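Read through the structure below, which is laid out as structure tokens, and then see the notes.
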Amino acid sequence: PYFYRYLKDPQQESLDKMLDGLSLFIEAMDEKGPYFWGEKLCAVDIASMPFAYRIVHLLSKYRHYQLPVDGQNWRRFHQWYEAMLATPAFKKTSTDNEDYERRLIEHYLPYSQ
């Protein structure tokens, strides 16, 4: 919900709570990865990736916000994110559609206003 709150009304409190939630998610990850529980893809990966994709792309587009990259936790998040982008399951359900990102951005336009 904090992602949507921040997208709709970009207040620091909403951003902080979203980042706190992401930090808890990252801290629960296996340290080595690349996936949430380690070397094998699991249900947590599959359920979480659509939200992570939206956070990365929509906040960049509508709020000019980029997730942090520095620090062990954020490096681990980006390792996971890149691994998930490369999975056949994610590619077949989203990024294989050539206009997926454009349609996603258009769909969320009302939330950003």
In nm, the gap between the two label points placed 7 Å beyond Cα toward Cβ at Asn97 and His78 is 2.8 nm
The ³J(HN,Hα) series, computed from each phi in the range 101-113 with the Karplus coefficients 6.51, -1.76 and 1.60 at θ = phi - 60°, rounded to the nearest Hz and given as x for glycine or proline, is 5, 4, 5, 4, 4, 5, 4, 8, 3, x, 5, 8, 9
Pairs Lys17/Lys92; Lys8/Lys61; Lys17/Lys61; Lys40/Lys92; Lys61/Lys91: which exceed 24 Å Cα-Cα?
Lys17/Lys92
What would the Debye formula give as log10 I(q)/I(0) at q = 0.12, 0.21 Å⁻¹ for the alpha-carbon point model of the chain, no solvent?
-0.43, -1.24
Report relative contact order for the chain in percent, whole number only (criteria: Cα-Cα under 8 Å, sequence separation at least 6).
29 percent
Could you tally the net charge around Arg5, taking each other residue with its Cβ under 15 Å from the Cβ of Arg5, Lys/Arg +1 and Asp/Glu -1?
0
Under the 0.36 nm per residue contour assumption, what length would be gained going from the current alpha-carbon distance of Ile105 and Glu27 to full extension?
25.2 nm
Under 5 Å between amide H atoms, partner at least 5 residues away or on a different chain: which partners does Gly38 have, H built in plane at 1.01 Å?
Asp30, Gly33
Burial-style ranking of 98-107, 11-20, 53-62, average other-beta-carbon count within 10 Å with highest first, yields 53-62, 11-20, 98-107
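Values in this text are rule-based calculations from the coordinates and carry no lab data. Remember, predicted model here, so these are calculated numbers, not experimental data. Note: ideal-geometry Cβ built from the backbone for every residue, glycine included; neighbour counts use all protein chains shown.
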